[in-house]
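Working notes, structure below.
Derivation of every value follows stated rules applied to the coordinates shown; laboratory data play no part. Computed from a predicted model, the values in this text were never measured in an experiment. All Cβ positions, even for glycine, are placed from backbone atoms using ideal geometry, and neighbour counts span all protein chains on display.
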Amino acid sequence: MTLEAQRTDAPDSSGSSVTFINVFEIDAAELDQFVVKWEQRALLMRDKPGFIDSRMHRARSSSSRFQLVNVSHWESQEAWEAATADPDFASRTQAAREQTRRPITPNPAVYDVVVELTAP
């Protein structure tokens, strides 16, 4: 079996696009309300310079550690940083964490692609 993959050994942060991933530890009972509020916050990001796309993924099993996974793409790290520095976005994000009965644990980070596979 042959594996054909495109691999990047060293991430290049000089203006290259980035992937923002945030996995959420959240009680299954809080999911629906959180997703509604997340979509409202995501709409703020959509109009920011450098935004490419964003998707929220929901676990099929309520026993999964990470119930929600957000994957967003930005034209650059700088564009992402500028967008997330928006005070309105920051206050809505903080409010979302405080409006739940049980704590929500986000695990955000910006990533570079190091291996990419496509269908043959």
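Principal axis lengths of the range 39-84 from Cα atoms, whole Å, largest first?
37, 20, 14
Extension gain V114-Q33, at 0.36 nm per residue separation less the Cα-Cα distance, in nm?
Working: separation 81, 0.36 × 81 = 29.16 nm, distance 3.45 nm.
Residue separation times 0.36 nm, minus the Cα-Cα distance, leaves 25.7 nm.
What does the charge count near F51 come to, summing +1 for each Lys or Arg and -1 for each Asp or Glu among other residues with Cβ under 14 Å from its Cβ?
For residues surrounding F51, the net value is -2.
Rounded, prolate or oblate: which fits the range 29-120, taking a ≥ b ≥ c as square roots of the Cα gyration tensor eigenvalues, rounded meaning a/c under 1.5, else prolate when a/b beats b/c? It would help to have the intermediate numbers written out before the result.
On the way: a/c = 2.09, a/b = 1.14, b/c = 1.84.
Oblate, because a/c is 1.5 or more while a/b does not exceed b/c.
By average Cβ neighbour count within 10 Å, what is the ranking of 48-56, 101-109, 72-80 from highest down?
Taking the mean over residues of other Cβ atoms within 10 Å, the ranking is 72-80, 48-56, 101-109.
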